[in-house]
């Protein structure tokens, strides 16, 4: 509830600035995905849910390696990222806790979802089939972000505001430590 009130306050202040009622540019301080991540952490620290919510289910245990680490057929540089080809449709899972900052259609990567993870990585997944999350939705590690239906996916990673080079993407997909130093 507090997060909704905070979001309404931010959007309300922005609207007041647009109409000229507020003359000081207050909304410029909260306009990036990083700002929303910080607000999410602040609200979460105030709520501190002591009882974890778990639901017992039966079924197959999912593969621990995760969908992005699964063997891919090929990887090719494309624009600021890479195109990764898979043989089968698969769900795209969140690699950590974060916030969905964009879902929509872009000219370069079709249906696209971008997530700002709590560790600072901003990851864009393109050419997805179906969205599972809406913009400004908090995600936890393992949550399904989208379903990949066509067998190819665009992937672009920004770390500390710098786009990872295509040569580092195989290491990133395998969960290895990627450094921006050339």
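The values are calculated or read from the model by the stated rules, or taken from the named source; none is laboratory data. Since we're looking at a predicted model, the values are computed, not measured. Glycine gets a Cβ as well: all are built from the backbone with ideal geometry, and neighbour counts include every protein chain shown.
Scanning region 1-12 for residues that are modelled with pLDDT under 75 and over 19 Å from residue 101 (Cβ atoms) turns up 1, 2. Loosely packed, with under 14 Cβ neighbours inside 10 Å and either assigned to a loop (DSSP other than H, G, I, E, B) or modelled with pLDDT under 90 (or both): is that true of residue 46 in this structure? So residue 46 fits the description; yes.
Could you please let me know if residue 77 is touching a helix residue (DSSP H, G or I) at 6+ places or on another chain (Cβ under 6 Å) and either touching a residue at least 12 places away in the same chain (Cβ under 8 Å) or not in a loop (DSSP other than H, G, I, E, B) (or both)? Here the answer is yes, as residue 77 does meet what is asked.
Looking only at residues in region 120-132 that are surrounded by fewer than 19 Cβ atoms within 10 Å (Cβ to Cβ) and under 11 Å from the mean Cα position of the chain (by Cα), the one that is modelled with the highest pLDDT is 121.
Residues that are over 15 Å from residue 155 (Cβ atoms) and within 11 Å of the chain's Cα centre (by Cα) were ranked within region 82-115; the one that is surrounded by the fewest Cβ atoms within 10 Å (Cβ to Cβ) is 96.
Every test in (1) touching a strand residue (DSSP E or B) at 6+ places or on another chain (Cβ under 6 Å); (2) free of Cβ contacts under 8 Å to residues at least 24 places away in the same chain; (3) farther than 29 Å from residue 7 by Cβ is passed by residue 106 save one, and that test is (3).
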